[in-house]
Each structure stands twice: as structure tokens, then as C-alpha cells.
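Step one of this worksheet: look at the structure below.
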Amino acid sequence: MNFKRYFIRVLHRLQKGPGYTYKELLVWYCDNTNTHGPKRIIREGPKKKVIWFFLTLLFASLVFWQWGILIYTYLSYSVSSSLSIGFKTMKFPAVTVCNASPYKYSKVRHLLKELDELTEAALERILQSKHGDAISAPPLNSSETVSQRLDLKLWNQIPLVLIDESDPDHPVIIDLFETNQSGSGTQPNNSSPALSNSGAPGCYDKWYILQSTSILSKVPLQERIRMGYQPEDMILACLYGAEPCSYRNFTQIYHPDHGNCYIFNWGMDEEALISSNPGAEFGLKLILDISQQDYIPYLTSTAGARLMLHEQKSFPFLKDQGIYAMSGTETSIGVLVDELERMGYPYSDCTMNGSDVPVKNLYNEYNTSYSIQACLRSCFQAQMFENCGCGHYLFPLPEGVNYCNNEDDPDWAYCYSSLRSSIRHRQFCIDSCKETCNDTQYKMTISMADWPSEASEDWIFHILSYERDLSTNVTLDRNGIIKLNIYFQEYNYRTISESAATTIVWLLSSLGGQFGFWMGGSVLCLIEFGEIIIDFLWITIINIISWCKGLKQKRAWAQYPDTPPTVSELVEAHTNLGFQYEDTITPCDEVPSPGALPPEPGTPPPKYDSLRVDPRAGIDSDSDVEAS
Amino acid sequence: MAPGKTIKAKIKKTLPVTGPQAPTVSELMLWYCMNTNTHGCRRIVVSRGRLRRFIWILLTLSAVGLILWQCAELVMSYYTASVSVTVQFQKLPFPAVTICNINPYKYSAMKEHLSELDKETKNALETLYGFSEGKSKVRRDADDWNATESKFLERIPLLKFEDLSKRTVTEIPSGNKRKIETSVFHQGSSMVNTGDPQDVVGFQLCDPNNSSDCAVYTFSSGVNAIQEWYKLHYMNIMAQIPLETKVNMGYSAEDLLLTCFFDGISCDTRNFTPFHHPLYGNCYTFNSGENGRVLTTSTGGSEYGLQVVLYIEEADYNPFLVTSTGAKIIVHDQHEYPFIEDIGTEIETATATSIGMHFTQSHKLSKPYSDCTETGTDIPVANLYNKSYSLQICLHSCFQRAMVDTCGCAQYAQPLPPGAEYCNYKKYPNWMYCYYKLHEKFVKEQLGCQQICKEACSFKEWTLTTSLAQWPSSVSEDWMLRVLSWDKGQKINKMLNKTDLANLVVFYKDLNERFISENPANNIVILLSNFGGQLGLWMSCSVVCVIEIIEVFFIDSFFIIMRRYWQKAKKWWNGQKAAPLQVNAPAKEGHDNPMCIDEDLPTFNTALHLPLPQENHMSRTPPPNYSTLQLDAAFTDPLPDMLEGRSH
């Protein structure tokens, strides 16, 4: 009961608007609002009134249009970038060094013996075909004996073929060790799993890699690591800044392409080293021996060290980003760290740590962070398993999957090469992987010089040989030795960082600026407007009620001649009361409240526009005066 | 009342209202100050006391000043651009890779054209430095020397300077000593101090029409002098050879390319588009997009890039023209012209050069943000190259045009403008002198090319990281060379040497595309809202206020002043006719009295627009001789809707 009364009182309070007709309300609003246009409309002469009316409308629509643009701009989540360049104390990048050859030939020779013999024979065969009529010549006796000696088991899995394209419509495919012309008339790329290569060395490389991959994948990992280059043999000298370091400072990692790789300053177990000075004196200096004599002749034709600079705790993808260092030279690498720091969703489509990418990161087993390369490779390996039933030797294994080899999966090589050239699968991986938000690139300025110089050659080789093998004989030569200097440049970082171009603060101040610029309005003015609308509604309701009451009354009048006071009278009473009340609390009231203005008959004649209300005020009703 | 009648009446009534309501400027100002929406003005009027009023005037004025200053700053900084960097991971279009042999033409094929020139060069070397390629050859050359007329040296004599300060020179072929009077151009002498002036070698270029007008070019080293001298003659000779012959003399695609892999798949010479470069002979562009198809890579890494083995026939090099061995490559966009002489990367033989690329695309805003051109159509220099616009193209085209205009023929290293032909001294005997003069001007930016040409607004850039490794490795050398020789075997019958080979791998390091674009930092919406912010902050002003100010301070004041003068003129006219009426001055005073007398401190009542105090009765009413009062009369007329509007 109490509550109801209170509620009614509140309702009554709310009803007390500034007028009881629409016109009054509008006039009152125009006169008292803090937006600039409406006041002009009622304060000016009739011509200007029209002008001001249209101006106000125009400005209001301008404001709304520009607000639309601003809100659209805000919702497009644009970013602004800032660039900073300079030198600061930074973490020295992790440096991965590998030998271009994955294994020592002396250690794997027994495994690859058959393959090598086969390759040699095939080479022989090809080279012979140069003389005379290449294709149709019958095999020579000598090679026939060779092929009889060979174990053709390996060969039969993936035969090397010679494709005679002299007749482009019907290429003739000749197996090098078969006398019969097998695939005559078949299109090599479509119907049979032959890969045609224009250059013989490239073809050999690919073929040999396929074969050796298959052989070596059967060897357990520990064995493979043992067959590769050992750190003490490879890293002869190491100096970081002024501090000596040795091969023990390097973390060993087994890389499928390059065998044993050694990472300096990986930051996995220990704190990452920092460098606070630019210049070669404060960087990393390495002397490496790649012992070129021990390369596998058919597997790698490029000799040198492969090295890569990368972030701490990231996996080195040497095939993608690695660079070579040539033997017999001193390679100086000046480093500039080029960082890109981006905002995540919704500003750009990138991932902070890869957790929201649907591909399982197989490189997690190395404890490394997410990168786009890792994602692409994991994706490929997953597809490889899906399509071929085994994992490729170059990438880490998902759980419960074995590496492909020729015995278990005889057709894996075909499956692999068709998968690799499939555009659809690649596109799938590209679509599902996202780049990382913080992208760090190491920009390198590489320069080279001959090292050691002829004059210093002798003693350098002597000392290094002695240190490595404790022998007085020189076991090194120019073909194997590499000097590396890696250091920060004078400006060692260039950071491009993104920040949101449009924040909510920006939006509000822009909205306010627009409203203020065109109409001098603020949020309070919007509230005023809302208030007016509420009043408007009230007036409407009251009008309806009074109309209904009136209707009822008419009927009642027909029945009872004496009537109670009309609702409109009651409403008027309310309105008048509320009006005075409202006036005192109007928040941004700049207009002098004319409520105190007494209607004086003796008022002097007006000189101003505004004062001209006075004579009329005496004539007009009470509420009208207050409204002015 | 009928609506038509109302309007008519309204118009009638309002017709006299031709100006503002306030009769004088000061009243207008007062009215403005009281009614305006800007904040400071009102304070001035309602403040009590002079000091306070003065302070308010000062504050208002400083606020206006601040607004003007800040808005000016905003306008000045309107045309600034902000840079945004976006990184996209996507399938990237592989760039076009143009590969040239450093030696433009096979020396064996060029022999017949160059034999005389070479002979003279050797002779000159011998006389200058006593250098010879062997005893017997010297004798033979010496015989030739006497037998043949040295036409090249005669045309442009090589000079040996005995003493630079005395300017005595020895002409190489004749051995004559003479003094030269002409201006001496030192090539690079500003950088390097030529210590011993006796070693200075150069050549003289004269205007054949006017033999006294000569220019002598000196070089600090004979190496440069001989090469430059040789090049001049070489270009002369080459300019006379038709293009077809030149193409035949150059390296064919089969000659240059031994093996090719792209994206893990084999490719061959059909994937390369030939292109004839005037200085580098036959070049081959991989993925030139000539049939509208541009290859893309969807995997980064050296495995998936372009791998080629190049055959560089070192033995067939021109000894005087080129002094280094190898190939030159350039990575460029399909629509770009490869300026291989300017920005090529050199490839060494017997090494594997691996070039990792990062792709960056940049876009600048054109006018009015910066002075760049989108398509090059607004540059008054005709593009001689059949490729999209670049600054290089513009500069070269501009120079070529100047060359044709002044010398009458076109320079050999650049394409021919329509209707022109390449310079050679059979037809244009003085072109070299002309060329050198012009080039001098071009370098000193006197031709205006640097001013005309603008940079292109958008460009693609491939940042290259080049690293070298030994190739083939010592153990694989044997079989590698054998197989490659076999590959090559169809054409040549010899074992390849590893110094004849170069291995090149061009690949994307990653598929991240960096797109650097300039965006307008401001747009009109932001500018206006900044204006609004400034206006609102200092004075709570808006465009409405600005219009108000214009209305009141310019239009209304103008009308008032006009009316004043009109009335004065009328009065004067009346005074001429009759006795002057002494009405105006006291009336004004009386009129101004109640509101505007400063000594009568403005009370709160005046501030609140209160009418005059009670004791001021109707007697105070000024005589109604103002035009405004006519208005009042109009308004007192009971026109209900108008009254309503007017009063509020």
C-alpha cells in the first residue's frame, strides 16, 4: 500500500513537465537547451528563424552522419604503427651452426655402400649414352656385368629412368638397367610416378635423397647422432665478447636435413646472454671445421657451414632461413633485430602463442615456441600420415606413427611427392596456420674475406690442429675451415609496434568534438533531449487519458448533470507545480531564469529583442511567461 | 484567419524589418553578449568592476587566440600521413628473376667486329705501360702497327700527362708532345689525390666543328682510362650492328642455363623469357609473366625456390670490356624493367649463391601528402621502356630525350625514342663530346631531369640476403662435373671446369608479406571533431556560434552602420532644406542610459535581463524615432503565431 503510494507519487513527479502542450514543451526546450541551434530559432526574426531552423536541421544531420563515420572507423579496428630505431642492450640471438653434410661419410659408408655403387653404375650408364645413339644403343657388356654384380633390390623400388623427349607426344621412358623400353607412350607426369628432371644433377640429388632417406630412417636416432659431426671436432674455437666459450656452451640438436646442429645461447636451460655493445669485439667469434673430405659425395654437393640466427627457444628452420658460410673465408655478420609487435584479435589475425591454431605443433617435443614454419611442417606431417600412413623423415613424428621406409611403405615416395606438389594440401595448411603476432627477423649484413691469410695460414693450422687432436701434424686445410663473427650493428634494433588507432577514448572525444563543433552539444544535451521525449510521451499519455476521460465524461454527463473537476484541470495544477520545481534543477541552465520576471505594466519599452517579450507577457498566461 | 491572408499580413508586417533589431552597434554588441552561446562574452557584460571586466576581456581574448592558434596547427598538420605495417602470411607471387652473363657477347663471335679496336688497345697498353702478351705477339703487333692506320686512337687520342700543372701531354699513337689549353675534367680526382701527376692518363674529346672546344678527361689510373676509352668505341661499334646479329652473338638460353628447378619441380629454358639488354647482351627472365601467368610459391625455403646452375664460359670473355667473371641477377616485379647495370647482384663462379628474400610492398600517398606519382602519366617525360613507371625509367628516358635533342642521336645503353637512331661516329662525328658534356650536366642536375621525375608511389621490394658456399664440394666435384658435362654434351664436347659454373638458389625465406602503407593521419571528420574539441574547450563554442559571430559582427553591424550613415545623410539633406532637428543625440543617450552606462555598475538584475527598476516608469520611454520601434509596433499587433515565436 505504502509502496503503491510512493509509486504514484513518483509517477506524478515525473509528469511534471515544462508544459502541458506540445508547443509549450518545444518552446521551452528550444529556449532552455544547451545545444546552440534551437535557441536561435526562437530568438530571431521570422526570416532568420527559417534560416536557423534549416541550419539546425542541417547541423543535426551532419552530426549524425559524422558520428556514423566515426563509429564505423572505430569498429574497423585500425592500428597505428610506431617505429623506433636505436641501440639497446639486447639478448644475443641464438646461433645455430650445422655442417652442410648431415653425416660423416666414413661413418655411414657401410650403410650407403650398395646405393653408392648403384649410383655410380647408373651414372656410368648415363654418361655412356652420350656416345653414339643415346637411347636405342644396346647396353655395353661392361655395364651389364656391373649391373649383375649389383643388388637391384633398391633399384627396383624407384628406378631411374631416361626420358627421351625427342618426340614430345610420346616420350620414351627407359629404365637404365633394363634393356626393354618399358613405358613407351605413357605420359610420365600423369600416369606413372616418374619425376622428370631437366638437369641430371638435380635428378640425381633428388633420387639419392629419396633412397638415402629411406635407408637412414631405419637407423635409430642415437646411432644417427653418433654418425654425424661431433661438437669437439666441429667447433674449434669460440669466443663471446671477451669471455672464452667452448663446444660445451652449445646445445646439440638433431636436425633431419643437416644432422647434428649446435645451438649457441638457445636459452633453454640457462639465461640468454645479453650483448650491451655493438661491434665485432663484443660479439660471437667462432672457428669451425667442416672437414669437406668426409662429405657424402652424392648427397650434398654444396660445401660449407649452415648457420642461422633465431630467437631463443625457437626451432631453427635452416632450410628456410639459414645462410651458408664458405670455407676458407672469414664471414662477418652484422645483426639488426627487426621486430614487429602486433596487436592480436580483433586488430589483426595473428596468434600470440599458437594455442588457437587447429594444428598440433609437433615441435613441442623440442620445447620450442610456436612459429609459422613449425605449424606448416606439423600440418604437412599430419597430412602425410593421413594420406601415406607414415611420417616423413624430415619432420618430427606425431604419436604412434613411424617414419616411412621402403620396406614397410613401398609407395611412400610417390605418395610424398604427389602430396608435396598438391596445391590443395598446401593451401589447406596455409589457411589453417596463423602467423605469430610478434615477428622477429634478424637482418644480416654479410661480408666476407679470405681467411686465414697466406702468411698466417701455417701457424693457425698448426695451433688449431694441436688443440683439437693434440698432434703436431696439420689436420686442417683451407677447404674445411671457417671463421665466423656475429655481432650487433651500431643500431641493433628496429621495432615496429602497433597500437590501436581508435580507442574508446578516441571515439568519445571525436563524437564529442563533432557534436560540439556543429551544435555545441554534450552528453547532457542528449539527456535533455531524452527528457523532452519522456515529457512528450507524458503529454501524449495525459492527452489520451483526458480524451478518454472526456469521452467518458460526455457519457456520464448524459447521465449525471453535476460533474467532478476535469482531469485537465488537475493536470494543469500538477504541471504548474512541477514546472517551478524543474526550473531550479535544470542542469546546464545558462539562460537567466525569467521565472522571477514580474509582469509589470509600467515596464519601460523594450529596446532588445529579448526584452520585447515583456509587454506581451502581461497579456499572456502565467505559464507562458515562465516558458520565456 | 485564412492561411493565405495570414501569410500576406505577416509579410506586410515584416516587410519593414530589413535589418537587425538593435539600433546601435554597442547595443547590438550588448545584445550579442547577453544572448550568445559562447561563454566568455557574457561574463564581460555581467562582471562588476572594471578590473574584473578587464580580466574577463583578457581571458576571452586569450581564449579566442588559443582557439585560432590551435585550429591553425590542426589545419597545418592536416596533410600528414601515418604509416601502417601489416604482415600477411599468404601464397606469394614469385618475383621475376633476370639472369645475365656479365660478358654480353661471346668474344669469339665478336672478333670480327672488335679485332681492330682490340689491336689498338693492346698497342696503346704497350706504349703506355710497356705491357705485352709475349714477345712474338709484340713483334706482330708492331708490324700491324705500322701497317694499319690507327683510326680509333686518331679519333679520340689517349693522352699521357707529363705534368698536370704545365698541361703538357704526350699523345699515345704519335708520341707528339704538346700543350693543351682546354678544360680538364678529373674523373674522381676530387676524391683521390693523384699523387704523381706523371701517371695521369686521359683522353681528349673535341668538338669537330670547333677544334678549340675540347674537353680532356683524366683518370687517376690507366685501368679506368683504358676501360672508359674502350667502352666508348665499343658502343660505337655496337650501335652499328643490327639487333638480330647481336642476339645471335650473345648467349642462348641453352648456353647459359644448365639445370633449373622451381618449387621442387623441374623447369627448363621454356620458362625463361629472353630479353636483350644493350650492355649485358642476352638476359633471361624467369617467371616474367609474359603469358599472363605468374608463378606463386606456397612454401618458403630453399627447396621450393628457383635453383639454377649457370654455365659461364670464362674463356670466351672480352678482356677489355669485362674484368670480372660471373653472372648478374636481379629480382624484380613482372612489370618492372630490370635495371641490371644499376642494381644487379653479382654471382661468383664455383660457388653456390643462396639468396633469401623477404617481400615488402610499400605504398605512399600521392598528392597532397607527398610528391610521388601513381602511374607516371602526369610526368612530362615519355616512357621509353615498355614497362611500368619507375624513377629509374624516368631518369633514363629523360636523359635519352635530352641526348636526342642536343646531339641528334640516341645513347646506346638506353632504348630508342621513336624516330631516333643510335649514335655512331660515322654519322654523328661529335656525339661523344656531346654525350660527355651532356652527362656532366645530367650528373650536376642541370638538365632538370631530377626535378621532373618523381618517385613512384607504390613499389614492391625484395630484400635479399645473400650467402655463399663452396660448390661443388671437393668430394662431389668429380661426379657433378661429369654429369653436367654429359648434360651439356649435346652441344659442346669438352669437360666442364668448375670455374665455368655457378649455382644460384633464389627462395623466399618466409611467406610473410610486409605491406607498408601510408594512410592519411587525419580525415575531415577527425579534423572537424578536433576543431569542435578546441572550440568547446576554450569557449564552449560551435559552428552555430561562428555563424552568430558572422551574423552579428559583420552583417548586423554593417546594417547598423549603413543605417546610421543613411540617417545622417538624410538629416543633412533635411538640414539643408529646413532647420536641423535636435533629436538624435539626447535620444541616444537616453536610450543607452538604463543598460549601458558603465559607471552605473551592472547589477545582478541587469545581468538577468531584468527590466529597469520600478521607479523608472513610462516617462523614461525614449521617443520612438527608431526604426526598431516600428518593429515593436508590428509585434504588438495581435498576430498570434508570430507573437508566440517572437516572444520565446
Inset, instruction - Rounded to the nearest 0.05, what FRET efficiency do A:GLN230 and A:SER447 give with R0 = 30 Å and r taken as the Cβ-Cβ distance? Could you check? - result: 0.50
Inset, instruction - Among the trypsin sites (Lys or Arg not before Pro) in the range B:396-432, which ones are in a DSSP loop with at most 12 other Cβ atoms within 10 Å of the Cβ? Mind listing them? - result: B:LYS426
Inset, instruction - Starting with the highest mean, order B:549-557, B:298-306 by the number of other Cβ atoms within 10 Å, averaged over the residues of each peptide. - result: B:298-306, B:549-557
Inset, instruction - Along Cα→Cβ, 7 Å out, is where each label goes; now give me the distance between the ones at B:GLN361 and A:THR472 in nm to one decimal. - result: 6.8 nm
Inset, instruction - Would you mind pulling out the separation of the Cα centroids of the range A:502-556 and the range B:506-563, in Å? - result: 29 Å
Legend entry - Cubic angstrom per residue, convex hull over Cα atoms of the range B:209-320: 197 Å³
Legend entry - Amide hydrogen neighbours beyond the local backbone of A:LEU476, cut-off 5 Å, H modeled: none
Legend entry - Relative contact order for the range B:259-323, counting Cα pairs under 8 Å that sit 6 or more residues apart, in percent: 36 percent
Inset, instruction - Could you work out how far apart the two model spin labels at B:SER252 and A:VAL50 are, taking each label as a point 7 Å from the Cα in the direction of the beta carbon, and quote it in nm? - result: 8.9 nm
Inset, instruction - Based on alpha-carbon positions alone, could you give the equivalent ellipsoid semi-axes of the range A:391-518 from the gyration tensor, as √(5λ), descending, whole Å? - result: 52, 37, 13
Legend entry - Per-residue mean of C-beta atoms belonging to partner chains within 10 Å, peptide B:520-529: 5
Legend entry - At R0 = 41 Å, FRET efficiency that the Cβ-Cβ distance of A:SER61 and A:PHE3 yields, to 0.05: 0.35
Legend entry - Other-chain or far-sequence residues with amide H under 5 Å of B:LEU257's (modelled H): B:TYR311
Inset, instruction - May I have the extent of the alpha carbons of the range B:487-548 along their three principal axes, as whole Å values ordered from largest to smallest? - result: 96, 20, 18
Legend entry - Long-range HN-HN contacts of B:GLN470 with modeled amide H, under 5 Å: A:ALA303, A:SER327, B:ALA352
Inset, instruction - May I ask you to order A:253-266, A:219-232 by the average number of other C-beta atoms within 10 Å around their residues, highest value first? - result: A:253-266, A:219-232
Legend entry - Ranked by how many other beta carbons lie within 10 Å on average, peptides B:456-466, B:473-483, B:69-79 from highest: B:473-483, B:456-466, B:69-79
Legend entry - Per-residue ³J(HN,Hα) for the range A:216-224, Karplus 6.51 cos²θ - 1.76 cosθ + 1.60, θ = phi - 60°, Hz, x for Gly and Pro: 6, 5, 7, 7, x, 4, 4, 5, 5
Inset, instruction - Enter the mean number of other protein chain beta carbons within 10 Å of the beta carbon of each residue in B:349-355, as an integer. - result: 3
Legend entry - trypsin sites (Lys or Arg not before Pro) restricted to the range B:228-313 and DSSP loop, no more than 10 other C-beta within 10 Å: B:ARG293
Inset, instruction - Take the cross-link list A:LYS48/B:LYS568; B:LYS328/B:LYS454; A:LYS49/B:LYS571; B:LYS364/B:LYS387; A:LYS443/B:LYS494; A:LYS104/A:LYS434 and give me the ones stretching past 31 Å between alpha-carbons. - result: A:LYS49/B:LYS571; A:LYS443/B:LYS494; A:LYS104/A:LYS434
Legend entry - Rough spin-label spacing in nm, given labels placed 7 Å along Cα→Cβ, for A:ASN438 and A:THR89: 1.8 nm
Legend entry - Integer Hz, Karplus 6.51/-1.76/1.60 couplings in order for the range B:474-479, x for Gly and Pro: 4, 7, 9, 4, 4, 6
Legend entry - For the range B:82-94, 3J(HN,Hα) per residue [Karplus equation, 6.51 cos²θ - 1.76 cosθ + 1.60, θ = phi - 60°, Hz, x = Gly/Pro]: 9, 9, 10, 10, 10, 10, 10, 9, 6, 5, 10, x, 6
Inset, instruction - Can you work out the PRE-style zone for A:GLU281? Point 7 Å along Cα to Cβ, and I want the residues of the range A:227-243 with backbone N under 18 Å. - result: A:239-243
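Enter the mean number of other protein chain beta carbons within 10 Å of the beta carbon of each residue in A:368-379, as an integer.
Mean partner shielding for this stretch: 2.
Every number in this text was worked out from the coordinates using simple rules, so none of it is lab data. Nothing here was measured: the structure is a model prediction, and the numbers come from that model. Reconstructed Cβ throughout: ideal geometry from the backbone, glycine too, with neighbour counts over all protein chains shown.
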